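The structure under discussion appears below in the form of structure tokens.
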Ligand SMILES: NC(=O)c1ccc[n+]([C@@H]2O[C@H](COP(=O)([O-])OP(=O)(O)OC[C@H]3O[C@@H](n4cnc5c(N)ncnc54)[C@H](OP(=O)(O)O)[C@@H]3O)[C@@H](O)[C@H]2O)c1
């Protein structure tokens, strides 16, 4: 089968397309998926650059790809949830930039009806992460004020919609075309972070969901009400600033499971959650696609279509 891999850490130049054997089912609870589309996530580039060697070591050569949408091609003897031919989405964690990927059935769900494979490949990480931040950790409630830093990004765009559907007052930060997108997705107020200073506009926020991290995170402490929460999926927040502003601030590692995906998938099936796919590349364009996402200014998800 065709697969994308790299043998050493580095820039996108290390990415190559190779022919490798179709993976075999390793345990009775695994399924083999014929991949139709794979989602690209920023972590794919962080792993490739070698900056996560300590926290997320991988064996080289490595086939990237944490999520996929496709069709069940084979099932292990103990698989009860799926049969050959079922259309599915999966949290693969690795190996999805390929024509086939094998994965435990517990990390696989039926593809929401009516969603293309390309759109379906964009929802596992985004919805699971949005649910973990807003509701599992953030305990967001109707009437509360939430600010989504990066509200037109892949995860941020889903957060805007889920927070709005939960009855929160939603403020999003974005730039360029992302401002209009965040408005379209339902944000009550959008701050153009390149033109405006959010500390002049937002205050008394109950929950800040930070999907951008970095230096810009410093200002997010100032807009929370005392006792409010700053939850980041990008950079661990400063505990000194959390104490100074009397807020709770911590990094959230998403919990992606059938349970945490349920709310978002129900919303998609009810027509209440839009998937936002910014651009689809072919599998063989994986290096270009990764560079496209790294360059920034991408609104929504970048996906690889696999033939
Ligand atoms: N902890 C976890 O479990 C987990 C799970 C999923 C993702 N993540 C991480 O979360 C981050 C976001 O993921 P993603 O897939 O949503 O990426 P993405 O689509 O690239 O979104 C990032 C967003 O941040 C915005 N941004 C960048 N600098 C900003 C600033 N200074 N102020 C406000 N917004 C800014 C970007 O807007 P512009 O393009 O307009 O600059 C972009 O919309 C990545 O670091 C990813 O690795 C973590």
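Things worth noting here:
- The stretch 278-297: number of residues that are within 11 Å of the ligand (Cβ to nearest atom) and either free of Cβ contacts under 8 Å to residues at least 24 places away in the same chain or assigned to a strand (DSSP E or B) (or both): 4
- Of 134, 181, 140, all but one fail to be farther than 30 Å from residue 96 by Cα, assigned by TED's automatic domain parsing to the domain that holds residue 208 and under 20 Å from the mean Cα position of the chain (by Cα); the exception is 140.
- Failed condition for residue 24, given (1) more than 16 Å from the ligand (Cβ to nearest atom); (2) surrounded by 14 or more Cβ atoms within 10 Å (Cβ to Cβ): (2)
- Sub-6 Å Cβ pairs linking a first residue in the stretch 141-153 that is more than 15 Å from residue 210 (Cβ to Cβ) to a second residue that is in a loop (DSSP other than H, G, I, E, B) and more than 16 Å from the ligand (Cβ to nearest atom), at least 6 apart or interchain, are 142/167; 144/168, ordered by first then second residue.
- Residues (more than 13 Å from the ligand (Cβ to nearest atom), free of Cβ contacts under 8 Å to residues at least 60 places away in the same chain, within 17 Å of residue 241 (Cβ to Cβ) and out of contact with any helix residue (DSSP H, G or I) (no Cβ under 6 Å at 6 or more places or on another chain)) located in the stretch 171-222: none
- Looking only at residues of the stretch 59-79 that are in a strand (DSSP E or B) and within 25 Å of the chain's Cα centre (by Cα), we find that the one that is farthest from residue 277 (Cα to Cα) is 62.
- Scanning the stretch 298-307 for residues that are more than 9 Å from the ligand (Cβ to nearest atom) and either at pLDDT 95 or above or assigned to a helix (DSSP H, G or I) (or both) turns up 303, 304, 305, 306.
- Of all residues in the stretch 223-261, those being within 19 Å of the chain's Cα centre (by Cα) and more than 9 Å from the ligand (Cβ to nearest atom) number 9.
Residues are listed down the side, and each one gets a yes or a no for (1) in contact (Cβ under 8 Å) with a residue 24 or more places away in the chain; (2) outside any loop (DSSP other than H, G, I, E, B):
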site: 17; (1), (2): yes, yes
site: 57; (1), (2): no, no
site: 81; (1), (2): yes, no
site: 102; (1), (2): yes, yes
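The values are calculated or read from the model by the stated rules, or taken from the named source; none is laboratory data. Note that the structure is predicted; figures quoted are calculated from it, not measured. Here the Cβ is made from the backbone with ideal geometry for all residues, glycine too, and neighbour counts use every protein chain on show.
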